[in-house]
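In what follows, a single structure is set out as structure tokens and then discussed.
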Amino acid sequence: MNQTKGNIMLGHGSGGKMMHDLIENVFIKKFNNNILTDQTDSAILNSDLDNIAFTTDSFVIDPVVFPGGNIGKLAVCGTVNDLAVSGAIPAYLSVSFIIEEGFPVEELEKIAESLAAEAQKAGVSVVTGDTKIVNKGKCDKLFINTSGIGFIRKENISIGKGSKVAPGDFIIINGTIGDHGMAVLNARESFNFTIHIESDCASLNHLIKKVTDKHEVKFMRDPTRGGVAAVLNELALKTGFGIEIEEDALPIKKGVKAMCELLGFDPLHIANEGKVIMVVPESDVQSVLEILKNDTLGMESSAIGRIVTEHQGRVVLRNQTGGSRIIDTLSGDQLPRIC
Amino acid sequence: MKYVDEYRKKDLILSIAEKIKKASDREMVLMEVCGGHTMAIHRFGLNSLLPPNIKLISGPGCPVCVSDQRFIDTAIAFGRLPGIIIATYGDLIRVPGSVSSLEKERAKGSDIRIIYSVLEALEIARQNRDKKVVFPGIGFETTAPATAAAVIQSRQDKIFNFFVLSGHKVMPPVMKTLVEEGVRIDGFIAPGHVTAITGTSIYEELASIYKLGVVVSGFEPVDMMQSVLMLASQIEKGKPAVEVQYRRVVNETGNKVAQNLMKEVFEYRDDRWRGIGMIRESGLKIADHLSKFDAEKQIEVNVGESFEPKGCICGLILRGLKTPVDCPLFARKCTPTDPVGACMVSGEGTCATYYKYRS
């Protein structure tokens, strides 16, 4: 396909030349590496470690382009982060596109470009992929699935499970919460707010490695859908311990806070795409914070709470006024209050 | 954040709490009418800062909660008709009608869209001239002017496929009804944003005839605590009056533009409140001269029979007679994921608030 203008047509998913050209020009060229250019049905991966981490995620975000990123960048960050927070070093990605008939090729190219750029930044290779085109109305513009493979050392396998977490451990987050969810909501809805909020969408594997190279991290998770509240509740349930969070210690951007106040949302329930929650022993807190704060992706890091023996299986927030309340996971979508 | 942080200062809140303790040791029951107030009380744990002689009870000021089954059933029935788009505020979609909810209907194929402002409903109508767009209007004097403005706008722009299913209600009649029904209330923490529209005169009768203090309150913890202090002082002195704590937003005369819009677009009617029943002149219908925007007049629909859920004590909770923990369904059969009563649906609902902030 020589032209980058025009729209995606059903023919682009036919398996014929149109599809071949589309894949060749839009994807292979951009994700270029030896394994992918082999174009075999299954990628054969080299491994020099015992354990392989494997994950998959689908991205169906509306709008596909939002302040701070787009669905392509997000598709890399999401899967890279899922591997990284499991304690793995992300290495390979697969990328599958489901594209709605009529989608502009130019826009697809931009998305593929930022997907490729993010993959390069994260140091992962896109080694296999698939493209399907569906009739107009059968999907919303563009869906992307990415699967990822990473390598994980034996001593890090407990990180995803949190099996070493104990009372007294501290909970750290690498920056402001709720940025992604609010950036997307603000871009999607016609609020006409004058504030500009950018998604925090970023690959965290390098940042995480800096910490895990030097410190014991007992648990890690990226607080995406369901926000910080969902991750902490899962951890509390998993370990049986209680969790106490200090409201004062939660880093929240002014604009995000204002939007949450207006809509009646709780920032703890809003999605993030460039944040990691780490549980570390008390002795390591300062040093971990220092490492995080020296990185552009962790400048606003904060120790937000700790693991406690009280209120087992629950997350309790101590607020600025001295009161406390239970933080639950969200039941369904967060619904705006009407007044 | 300006207008927020300074009203959440711990020292200030605690110093007001001290003053409240000194102001009166009489037993008193204060009703916070508005759902937003209930939220603030629980979110900031204000109950724990009040002395034991002061009890706060939640009133019927959550607009979603007081919308009765019939209203939801009607919206659902409209949604099932071909060529209809329901454009609704988000927290209405999970409210249970007699047998279904808008959320469930959406999954079954009704075209139901969540909007943040009624003007979006108008926009949807503008872009879908071949469809009829029905906006289920809920809320009190706070949201009714916006609905009124949308009706006027659609008349001006000749958008005749925009219809309002009005479930709008007004505050003063229900406050009086509760007092007349014998609910023990020694003073009202009155809704700040309703009063910003209406002005304070709507409460004069409560003070002069029923001898009850009314303090119009803001929604931050300092506001709420200061309002309690003002009411406690009134009660101690035996001088009930209408006072405004929320000075930065509310004045005595209210918002004339909004009042005039409401006068032009709506007429009072007797209206049914979930769990409370029929209250005279407590609802707003689209005025006859604008009936071409009235969904109930313009779109024929068979709603079927409406009935209330068994075991739900929403009505007693809305009257301030019971709290959610008294309900056998609370946190068992009735949760935010699968609500039985409307008070569990809205973030402002008393049951949802109790559930969310339970400790």
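Accessible area ranking (1.4 Å probe, heavy atoms, ligands and nucleic acids excluded), largest first, for B:Leu50, B:Leu119: B:Leu119, B:Leu50. Which entries in the list A:Lys73/A:Lys161; A:Lys73/A:Lys238; A:Lys110/A:Lys257; A:Lys210/A:Lys254; A:Lys154/A:Lys238; A:Lys138/A:Lys275 go over 25 Å, if you measure between the two C-alpha atoms of each? Cα-Cα > 25 Å for A:Lys73/A:Lys161; A:Lys73/A:Lys238; A:Lys110/A:Lys257; A:Lys210/A:Lys254; A:Lys138/A:Lys275; rest within. As a quick test, which of the pairs B:Lys263/B:Lys297; B:Lys2/B:Lys263; A:Lys30/A:Lys253; A:Lys30/A:Lys132 have an alpha carbon distance above 28 angstrom in this structure? Exceeds cut-off: B:Lys2/B:Lys263; A:Lys30/A:Lys253. Basic side chains Lys and Arg get +1 at the Cβ, acidic Asp and Glu get -1 at the Cβ, and with that the dipole of chain A about its Cα centre reaches some 120 debye.
In loop segments of segment B:206-299 as defined by DSSP, the trypsin sites (Lys or Arg not before Pro) with at most 14 further C-beta atoms inside 10 Å of their C-beta are B:Lys211, B:Arg247, B:Arg248. With helices as the sole contributors, the protein assembly as shown gives -9500 deg cm²/dmol at 222 nm; each DSSP H run of n ≥ 4 counts as -39500 (n - 2.57), and the sum is divided by every residue. Rounded to whole numbers, the Karplus 3J(HN,Hα) couplings from phi for segment A:308-314 are 10, 7, 6, 5, 4, x, 10 Hz, using 6.51 cos²θ - 1.76 cosθ + 1.60 with θ = phi - 60°, and x at Gly and Pro. Between B:Val303 and B:Ser48, residue separation times 0.36 nm minus the direct Cα-Cα distance comes to 87.2 nm. Under a plain spin-label model, where a point goes 7 Å from the Cα along Cα-to-Cβ, how far apart in nm are B:Asn260 and B:Lys131? Computed distance between label sites B:Asn260 and B:Lys131 equals 3.5 nm.
Largest GNM mean-square fluctuation across A:Asn174, A:Asn319, A:Asn81, computed for chain A with C-alpha springs under 10 Å, falls on A:Asn319. Structural descriptor for segment B:203-243: relative contact order 53 percent, calculated from alpha carbon pairs under 8 angstrom and at least 6 residues apart. Longest span of chain B, sites excluded, free of GluC sites (Glu not before Pro) in DSSP loop with at most 14 other C-beta atoms within 10 Å? Maximal segment without exposed cleavage sites: B:28-180. The residues of segment A:158-326 expose on average 38 square angstrom of accessible surface per residue, using a 1.4 Å probe on protein heavy atoms. Segment A:290-329: which residues show an accessible-area loss of 50 Å² or more, assembly versus chain alone, 1.4 Å probe? Listed by number, the residues meeting the 50 Å² cut-off are A:Gln320, A:Thr321, A:Arg325, A:Ile326, A:Asp328. On the basis of the beta-carbon distance and an R0 of 41 Å, B:Ala241 and B:Met1 show a calculated FRET efficiency of 0.80. Relative to the longest principal axis of the Cα atoms of chain B, helix B:144-156 runs at roughly 30 degrees. Amide hydrogen proximity for B:Tyr89: with H placed 1.01 Å from N in the peptide plane, the residues at 5 or more positions away or on another chain lying under 5 Å are B:Ile115. At a threshold of 40 Å², the residues of segment B:321-359 that become less accessible to a 1.4 Å probe in the full protein assembly than in their chain on its own are B:Glu348, B:Lys356, B:Tyr357, B:Arg358. Between A:Gly13, A:Gly181, A:Gly78, where does the largest GNM mean-square fluctuation fall for chain A, given springs only between Cα atoms within less than 10 Å? Among A:Gly13, A:Gly181, A:Gly78, the largest GNM mean-square fluctuation belongs to A:Gly13. Take every DSSP beta bridge whose two residues both sit in segment A:158-326; close to 80 percent of them are antiparallel. A cut-off of 5 Å between modelled amide H atoms, ignoring neighbours fewer than 5 places along the same chain, links B:Glu243 with B:Val214, B:Val215, B:Val216.
Taken over segment A:158-326, the convex hull of the Cα atoms encloses 108 Å³ per residue.
For chain B, the antiparallel share of DSSP beta bridges with both residues in that region comes to about 20%. Within segment B:1-104, the chymotrypsin sites (Phe, Trp or Tyr not before Pro) that combine a DSSP coil assignment with at most 12 other C-beta atoms in a 10 angstrom radius are B:Tyr3. Across segment A:195-203, computed HN-Hα scalar couplings (Karplus, 6.51 cos²θ - 1.76 cosθ + 1.60, θ = phi - 60°) run 6, 10, 10, 9, 5, 8, 2, 7, 7 Hz from first to last residue, x flagging Gly and Pro. Magnitude of the charge dipole for segment A:10-156, about its Cα centre and with charges confined to Cβ atoms of Lys, Arg (+1) and Asp, Glu (-1), is about 80 debye. Please give the Cα centre distance for segment A:47-109 versus segment A:191-257, rounded to the nearest Å. Here the two parts' Cα centres lie 19 Å apart.
Please list log₁₀ I(q)/I(0) at q = 0.09, 0.13, 0.14 Å⁻¹ for segment A:10-156, using the Debye equation with identical point scatterers on the alpha-carbon positions. Rounded to two decimals, the profile gives -0.27, -0.56, -0.64. Restricting segment A:94-156 to chymotrypsin sites (Phe, Trp or Tyr not before Pro) that sit in a DSSP loop and have at most 14 other Cβ atoms within 10 Å of their own Cβ leaves nothing. Take segment A:10-156 with all the other protein chains still there, run a 1.4 Å probe, and you get 45 Å² of accessible area per residue.
In this structure, the amide hydrogen of A:Asn51, modeled 1.01 Å from its nitrogen in the peptide plane, lies closer than 5 angstrom to those of A:Ile152, counting only residues at least 5 positions away or on a different chain.
The DSSP beta bridges internal to segment A:10-156 are antiparallel in roughly 70% of cases.
The values are calculated or read from the model by the stated rules, or taken from the named source; none is laboratory data. Model, not experiment: these values are computed from the prediction. Reconstructed Cβ throughout: ideal geometry from the backbone, glycine too, with neighbour counts over all protein chains shown. Surface areas here come from the heavy atoms of the whole protein model, side chains and all, with no ligands, DNA or RNA. Shrake-Rupley method; radii C 1.70, N 1.55, O 1.52, S 1.80 Å.
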